[in-house]
Amino acid sequence: NQSAKPPPIPSPLRFSKFFQTNMRILVTGGAGFIGSHLVDKLMENEKNEVIVADNYFTGSKDNIRKWIGHPRFELIRHDVTETLLVEVDQIYHLACPASPIFYKYNPVKTIKTNVIGTLNMLGLAKRVGARILLTSTSEVYGDPLVHPQEESYCGNVNPIGVRSCYDEGKRVAETLMFDYHRQHGVEIRIARIFNTYGPRMNIDDGRVVSNFIAQAIRGEALTVQSPGTQTRSFCYVSDMVDGLMRLMEGDNTGPINIGNPGEFTMLELAENVKELINPDVKISMVENTPDDPRQRKPNITKAKELLGWEPKIKLRDGLPLMEEDFRSRLGVPSKK
Ligand code: NAD
Ligand code: UDP
Ligand code: UDP
């Protein structure tokens with residue numbers, strides 16, 4: 001009887017769907033700043049098993065130490081430029097240095113991480129039928145000629161500059177994501193993350209918020225890179241994690257901007273840090289680095305409409321939350 005075909009057998013590798021077991025989630029770069037906060041949130045759900053793969057280039061075991069030994073948690077020292085064989089349902093692919101001084105330190109490794117690393121995670125997603133989310137970046141817009149930036153803007157990026165290993169690397173990673181989606185049917189999600197800050201940022205990673213807060217706590221001058229009128233928009237890390245999880249769980253591939261539209265010049269940021277953390281510090285103007293984008297602010301209409309997401313924490317509320325963590329790591333007690 002031709003019509004009595006057995007029902008299709010789901011891929012045995014899609015464990016959670018077939019066996020009704022826990023959701024198994026891989027977080028690459030999970031020992032890093034955003035990754036470790038994401039892991040904390042994922043671990044709150046008792047149905048989630050979390051596997052972190054990280055090579056500790058810019059991340060640290062300290063960020064996820066509290067989960068080591070937990071029965072639903074696993075940590076693998078692994079470089080995503082190498083093949084990874086695991087069976088998972090979802091992949092949050094964050095592995096990549098995010099701070100300019102780190103990604104410029106070994107640009108060839110940075111572009112390999114973006115291109116080969118993303119290719120490997122897509123090969124993995126294809127093999128096991130997992131959904132994969134890429135943390136892309138506002139840097140794909142380069143030094144933008146459109147302001148604020150919306151997802152349809154194709155960007156103004158220098159292909160041969162010192163930032164290209166990162167921004168062109170992420171652009172290729174987005175291309176790979178869409179090609180695996182169209183050609184192999186891989187379920188993809190792309191977040192374009194704008195500047196994010198919060199506890200566990202590397203203290204000396206050279207990013208502006210971590211620099212200013214560490215300088216203010218140490219009583220050193222805040223180093224504003226000239227001209228100081230360049231702008232950024234800063235998102236607190238808990239808002240970011242919420243946006244990433246909504247994107248993963250929703251039906252839209254993206255790319256979707258996730259960031260806080262509150263826009264500040266670097267001089268305004270310095271003045272806020274000075275006022276909130278140490279009114280005695282000076283602000284000094286120092287030389288800038290090449291290709292520094294002059295302005296950056298997300299249009300988050302898509303995130304609002306498609307994910308029901310918008311950031312909740314204002315810069316002036318987020319900076320003090322970060323200060324406590326920096327004080328304890330720098331060993332400088334609060335003056336209060
Ligand atoms: P981070 O440097 O703290 O974390 C990155 C993690 O990836 C680290 O734990 C690092 O050790 C790991 N890693 C780097 N290369 C690796 C490799 N080859 N194999 C395995 N692990 C590797 O940075 P973050 O701020 O947490 O950023 C996380 C992601 O978000 C990155 O993909 C970054 O590009 C993206 N993003 C961040 C921001 C931001 O403002 N923080 C902005 C835009 C995009
Ligand atoms: N890959 C991986 N884990 C897997 C499956 C694939 O790391 O579980 C890597 C694999 O090493 C390959 C890449 O993903 O280099 C792309 O895999 P794909 O199957 O798409 O391409 P192919 O292996 O045919 O080049
Ligand atoms: N910046 C600054 N002082 C610093 C570090 C950075 O004024 O000590 C400026 C930098 O010139 C840039 C902005 O802050 O305009 C954001 O730099 P960051 O490295 O944090 O992030 P990205 O350039 O990747 O947005």
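The values are calculated or read from the model by the stated rules, or taken from the named source; none is laboratory data. Predicted model only: the values in this text are computed from it and were never measured. Reconstructed Cβ throughout: ideal geometry from the backbone, glycine too, with neighbour counts over all protein chains shown.
Residues LYS314, LYS282, LYS274: which one is surrounded by 15 or more Cβ atoms within 10 Å (Cβ to Cβ) and among the basic types (Lys, Arg)? Explain how you work it out, then say what you get.
Details: LYS314 fails: surrounded by 15 or more Cβ atoms within 10 Å (Cβ to Cβ); LYS282 fails: surrounded by 15 or more Cβ atoms within 10 Å (Cβ to Cβ).
The match here is LYS274.
Taking only the stretch 50-64 into account, find how many residues are more than 20 Å from GLY123 (Cα to Cα) and assigned to a loop (DSSP other than H, G, I, E, B). Working first, answer last.
So in the stretch 50-64, the residues more than 20 Å from GLY123 (Cα to Cα) come out as 56-64.
Now drop any that are not assigned to a loop (DSSP other than H, G, I, E, B), which leaves 56-60.
Summing the residues that are more than 20 Å from GLY123 (Cα to Cα) and assigned to a loop (DSSP other than H, G, I, E, B) in the stretch 50-64 gives 5.
Would the stretch 191-202 turn up any residue that is modelled with pLDDT under 95, in contact with a helix residue (DSSP H, G or I) (Cβ under 9 Å, 6 or more places away or on another chain), more than 23 Å from GLY142 (Cβ to Cβ) and not hydroxyl-bearing (Ser, Thr, Tyr)? I'd like the intermediate steps shown before the answer.
Going through the stretch 191-202, the residues modelled with pLDDT under 95 turn out to be 202.
Now narrow it down to the ones that are in contact with a helix residue (DSSP H, G or I) (Cβ under 9 Å, 6 or more places away or on another chain): 202.
Checking the rest, the ones that are also more than 23 Å from GLY142 (Cβ to Cβ) come to 202.
Then drop every residue that is not not hydroxyl-bearing (Ser, Thr, Tyr), which leaves 202.
Checked against the condition, which is being modelled with pLDDT under 95, in contact with a helix residue (DSSP H, G or I) (Cβ under 9 Å, 6 or more places away or on another chain), more than 23 Å from GLY142 (Cβ to Cβ) and not hydroxyl-bearing (Ser, Thr, Tyr), the stretch 191-202 yields at least one hit.
Do we find a residue being at pLDDT below 95, in contact with a Pro (Cβ under 6 Å, 6 or more places away or on another chain) and more than 29 Å from ASN106 (Cβ to Cβ) anywhere in the stretch 18-29?
Yes, because at least one residue in the stretch 18-29 is at pLDDT below 95, in contact with a Pro (Cβ under 6 Å, 6 or more places away or on another chain) and more than 29 Å from ASN106 (Cβ to Cβ).
I need the full set of residues from the stretch 65-109 which are over 25 Å from ALA130 (Cα atoms), touching a Gly at 6+ places or on another chain (Cβ under 7 Å) and within 9 Å of ligand 1 (Cβ to nearest atom), in order please.
SER99, the sole residue that qualifies.
Please verify whether the stretch 65-81 includes one or more residues that are farther than 21 Å from LEU124 by Cα, touching a residue at least 24 places away in the same chain (Cβ under 8 Å) and not basic (Lys, Arg).
yes
The rows are residues; the columns are (1) touching a residue at least 40 places away in the same chain (Cβ under 8 Å); (2) assigned to a helix (DSSP H, G or I); (3) within 13 Å of ligand 1 (Cβ to nearest atom).
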{"residue": "ILE116", "(1), (2), (3)": "no, yes, yes"}
{"residue": "ASN120", "(1), (2), (3)": "yes, yes, yes"}
{"residue": "THR135", "(1), (2), (3)": "yes, no, yes"}
{"residue": "VAL140", "(1), (2), (3)": "yes, yes, yes"}
{"residue": "LEU145", "(1), (2), (3)": "no, no, no"}
{"residue": "ASN158", "(1), (2), (3)": "yes, no, no"}
{"residue": "GLY161", "(1), (2), (3)": "yes, no, no"}
{"residue": "ASP167", "(1), (2), (3)": "no, yes, yes"}
{"residue": "ARG171", "(1), (2), (3)": "no, yes, yes"}
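Checking GLU268 against (1) within 15 Å of ligand 3 (Cβ to nearest atom); (2) part of a helix (DSSP H, G or I); (3) buried (at least 19 other Cβ atoms within 10 Å of the Cβ), which test does it fail?
Unmet condition: (3).
When only residues in the stretch 16-71 that are among the hydroxyl-bearing types (Ser, Thr, Tyr) and over 26 Å from ILE116 (Cα atoms) count, which is nearest to ligand 2 (Cβ to nearest atom)?
Of all residues in the stretch 16-71, those among the hydroxyl-bearing types (Ser, Thr, Tyr) come to 16, 21, 28, 36, 56, 58, 60.
Checking which are over 26 Å from ILE116 (Cα atoms) leaves us with 16, 21.
Working: SER16: 17, THR21: 19 Å.
Among those that are among the hydroxyl-bearing types (Ser, Thr, Tyr) and over 26 Å from ILE116 (Cα atoms), it is SER16.
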